[in-house]
Amino acid sequence: EKEYAFGIKTEKDEDDVTTYTITYDGKVIDTESFQSVYQECISLNCSEFTVDKLETEPEYVITFDFIDSIGGSNVIEFTKSSATKYQFRADGNDVGKITSASLNKLMKSVKELVE
């Protein structure tokens with residue numbers, strides 16, 4: 001029901017050190033806190049590599065938009081498949097299932113980050 005869009009801006013200083021600025025809804029977000037949530041996101045583990053033919057719409061969608069020099073995006077969709085599992089698709093391809101607990105933990109972390 002809620003959309004979270006984060007902006008990531010990089011700047012290099014005269015010593016070639018990169019600084020990241022993370023924004024959400026026009027406000028700067030603590031970089032370390034964002035990195036923790038991002039790490040949690042990219043660490044979601046597939047717990048089961050079987051897939052079912054699901055007719056329902058995804059409950060969660062995570063889209064990674066890449067910088068112009070790379071281009072494109074990566075879309076991960078999560079559809080409830082049982083009381084304890086979400087089936088996920090990467091760019092339209094069914095991959096497997098993750099636990100509801102791990103996805104719910106990530107969603108809670110995102111909500112806490114922006115509050």
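The values are calculated or read from the model by the stated rules, or taken from the named source; none is laboratory data. Only a predicted model underlies this, so the values are computations on that prediction, with no experimental measurement involved. Here Cβ is always computed from backbone atoms with ideal geometry, including for glycine, and neighbour counts include all displayed protein chains. These accessible areas exclude ligands, DNA and RNA; they are computed on the full protein's heavy atoms, side chains included. Shrake-Rupley method; radii C 1.70, N 1.55, O 1.52, S 1.80 Å.
Explain nothing, just the number: relative contact order of the stretch 26-105, from Cα pairs under 8 Å at least 6 residues apart, as a whole percent. Write down the numbers at each step before the final one.
Working: 109 pairs, mean separation 21.6, N = 80.
About 27 percent, as a whole number.
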Report summary line: Measuring from the longest principal axis of the C-alpha atoms of the chain, the long axis of helix 31-42 (C-alpha) lies at a number of degrees, nearest 10, equal to 30 degrees
Query - Hypothetical label at residue 73: residues of the stretch 80-114 whose amide nitrogen lies under 14 Å (7 Å Cα-Cβ projection) - result: 91-92
Query - Solvent-accessible area per residue, Å², over the stretch 16-115 with all protein chains present [probe radius 1.4 Å] - result: 66 Å²
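So what are the chain's ellipsoid semi-axes, whole angstrom, largest first, if each one is the square root of 5 times an eigenvalue of the alpha-carbon gyration tensor?
Working: eigenvalues 175, 52, 32 Å².
Equivalent ellipsoid semi-axes, largest first: 30, 16, 13 Å.
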Report summary line: Non-local residues with an amide H under 5 Å from the amide H of residue 59, with H modelled 1.01 Å from N and Pro and chain starts lacking one, are 78, 79, 80
Report summary line: Residue-ordered couplings for the stretch 70-83, obtained by feeding phi - 60° into the Karplus form 6.51 cos²θ - 1.76 cosθ + 1.60 and rounding to whole Hz (Gly and Pro as x), are 9, x, x, 8, 10, 10, 10, 10, 10, 10, 4, 10, 7, 5
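Past 28 Å, Cα to Cα: identify those pairs from 9/111; 27/97; 27/85; 9/105; 80/108; 12/97, in the order given.
Details: 9/111 21 Å; 27/97 34 Å; 27/85 34 Å; 9/105 26 Å; 80/108 17 Å; 12/97 39 Å.
In this structure, 27/97; 27/85; 12/97 lie more than 28 Å apart at Cα.
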Requested in this report: Measure out, as a whole number of angstrom, how far apart the alpha-carbon centroids of the stretch 20-58 and the stretch 65-81 sit.
Outcome: 11 Å
Query raised in the report: What angle, in degrees between 0 and 90 and rounded to the nearest 10, separates the Cα long axis of helix 100-114 from the longest principal axis of the Cα atoms of the chain?
Result: 30 degrees
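Just reorder 15, 30 by solvent-accessible area, largest first, 1.4 Å probe, all chains present. Mind showing how you got there, number by number?
On the way: 15 115, 30 90 Å².
Result, largest first: 15, 30.
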Report task. Just flag the chymotrypsin sites (Phe, Trp or Tyr not before Pro) in the stretch 1-107 sitting in loop per DSSP whose Cβ has no more than 16 other Cβ atoms within 10 Å. Result -> 4, 49, 66
Report task. For residue 85, list long-range residues whose amide hydrogen, built 1.01 Å from N in the peptide plane, is under 5 Å from its own amide hydrogen. Result -> 100
Report summary line: Listed by chain and number, the residues whose amide H is under 5 Å from that of residue 29, excluding neighbours fewer than 5 places away on the same chain and using placed H, are 22, 23, 24
Report task. Determine the share of the chain's accessible area contributed by carbon and sulfur atoms, expressed in whole percent, with a 1.4 angstrom probe. Result -> 48 percent
